[in-house]
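Working notes, structure below.
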Amino acid sequence: MARAITSVPEGERIPPLVLQISEQLERDIIQGRYRPGDRIREQELADRLGTSRGPVREALRLVELDGMIEITPWRGARVVDMSPSELDDLLEVVAALQALVSRLVAAHSSDEEIAAVERLVDEMEASIEEGAPMRRQLRIAFEAGALLREICGSERAGEMLMKVGRLAYWQHRYLLTADVKWRRMSLVKWRRLIAALKLRDRTKADGAAHALVDHSKAYILRAVGSVAHEQSVLDDLPQRMARE
């Protein structure tokens, strides 16, 4: 998982060990080893990775710049726990940046580059028809998104989408429970985006990109709301039992 250039303070050279630790920590967060609100203890992380607390502390600072954790005095680091409204706002930003990147792809990329994205969408369709786990479809979708950033012709726009996308990326774990109907509708939206790109229609590409992100956002927000409700019920359980 390549680190966005915008995440690194200008003029600062990151030691390789610090970079490796930060990337491992971001993978841990994305894959659910650390959940929203979990504390990340420097010594525990250092022991697990076989290193000292110094590089771990610097790695935590980098991950904080990416917005995945927050560090507060005396309390240390914890994984950011977004409210549904904050997540809604974040995904709106992702949609706007994805639409921008898609417009740039329609305007500047070659036919061969668009064909490469289409091949990934073909692979996505095959994964659905084969009944492959949703994780595989997500992996292909992220590869397609990365390729769109790469071929859009604007390094800055690609970096912005990558940085903001990091904050939303790990929320896609909620999509792992999506059914076949949802997966096929996602594929339809990808096909519409490809069609707009091949036509070089920037307006349609913008709309298709927004629709693609909105499709994921609606599912994620429903899932987040459901989890929040279940947690509130569990939190209230001891009080209800005491009253009874």
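The values are calculated or read from the model by the stated rules, or taken from the named source; none is laboratory data. Just so we're clear, the structure is a prediction, and the values are computed from it rather than from any experiment. Here the Cβ is made from the backbone with ideal geometry for all residues, glycine too, and neighbour counts use every protein chain on show. Heads up: the accessible areas ignore ligands, DNA and RNA and are worked out on the full protein's heavy atoms, side chains in. Shrake-Rupley method; radii C 1.70, N 1.55, O 1.52, S 1.80 Å.
How about the stretch 50-71: which of its residues are open to solvent by less than 60 Å² (accessible area, probe 1.4 Å) and of a type outside the set (D, E, K, R)?
Selection gives Thr51, Gly54, Pro55, Val56, Ala59, Leu60, Leu62, Val63, Gly67, Met68, Ile69.
The set of residues in the stretch 124-147 that are of a type in the set (Asp, Glu) and exposed (fewer than 15 other Cβ atoms within 10 Å of the Cβ) comprises Glu129, Glu130, Glu143.
Filtered by the rule that a residue be under 20 Å from Pro15 (Cα atoms) and of a type in the set (Phe, Trp, Tyr), the stretch 35-78 gives no residues.
Please indicate, with yes or no, whether at least one residue in the stretch 22-32 is exposed (fewer than 14 other Cβ atoms within 10 Å of the Cβ) and either on the phi > 0 side of the Ramachandran plot or touching a helix residue (DSSP H, G or I) at 6+ places or on another chain (Cβ under 9 Å) (or both). Lay out the reasoning, then the answer.
Start the filter on the stretch 22-32 by keeping residues that are exposed (fewer than 14 other Cβ atoms within 10 Å of the Cβ), which leaves 27, 31-32.
Of the ones still in play, those that are also either on the phi > 0 side of the Ramachandran plot or touching a helix residue (DSSP H, G or I) at 6+ places or on another chain (Cβ under 9 Å) (or both) are 31-32.
Yes, there is a match, as at least one residue in the stretch 22-32 is exposed (fewer than 14 other Cβ atoms within 10 Å of the Cβ) and either on the phi > 0 side of the Ramachandran plot or touching a helix residue (DSSP H, G or I) at 6+ places or on another chain (Cβ under 9 Å) (or both).
Look at the stretch 107-126: where a residue is touching a residue at least 24 places away in the same chain (Cβ under 8 Å) and farther than 15 Å from Leu199 by Cβ and a partner is surrounded by 13 or more Cβ atoms within 10 Å (Cβ to Cβ) and of a type in the set (Gly, Ala, Ser), sitting 6+ places away or on another chain with Cβ atoms under 7 Å, you get Leu120/Ala144; Val121/Ala144; Met124/Ala141.
I'd like to know if the stretch 177-194 contains one or more residues that are acidic (Asp, Glu), closer than 25 Å to Glu26 by Cα and surrounded by fewer than 19 Cβ atoms within 10 Å (Cβ to Cβ). Looking for residues that are acidic (Asp, Glu), closer than 25 Å to Glu26 by Cα and surrounded by fewer than 19 Cβ atoms within 10 Å (Cβ to Cβ), one finds none in the stretch 177-194, hence no. Scanning the stretch 195-228 for residues that are surrounded by 21 or more Cβ atoms within 10 Å (Cβ to Cβ) and among the polar types (S, T, N, Q) turns up just one, Ser216.
If you go through the stretch 148-164, how many residues are in contact (Cβ under 8 Å) with a residue 24 or more places away in the chain and either open to solvent by 40 Å² or more (accessible area, probe 1.4 Å) or not in a helix (DSSP H, G or I) (or both)?
Here is the first cut: in the stretch 148-164, the residues in contact (Cβ under 8 Å) with a residue 24 or more places away in the chain are 148-149, 151-154, 157-164.
Subsequent filtering for residues that are either open to solvent by 40 Å² or more (accessible area, probe 1.4 Å) or not in a helix (DSSP H, G or I) (or both) retains 149, 152-154, 160, 162-163.
Number of matching residues: 7.
Can you find even one residue in the stretch 76-87 that is over 28 Å from Leu176 (Cα atoms) and modelled with pLDDT under 95? First the steps, then the outcome.
Step one: list which residues in the stretch 76-87 are over 28 Å from Leu176 (Cα atoms), which gives 76.
Narrowing the set further to residues that are modelled with pLDDT under 95 leaves 76.
Yes, because at least one residue in the stretch 76-87 is over 28 Å from Leu176 (Cα atoms) and modelled with pLDDT under 95.
Residues in the stretch 23-61 that are of a type in the set (D, E, K, R), touching a residue at least 40 places away in the same chain (Cβ under 8 Å) and within 16 Å of Arg173 (Cα to Cα): Glu26, Arg35. The residue of the stretch 88-117 that is nearest to the chain's Cα centre (by Cα), among those that are open to solvent by 50 Å² or more (accessible area, probe 1.4 Å) and over 17 Å from Ser216 (Cβ atoms), is Leu100.
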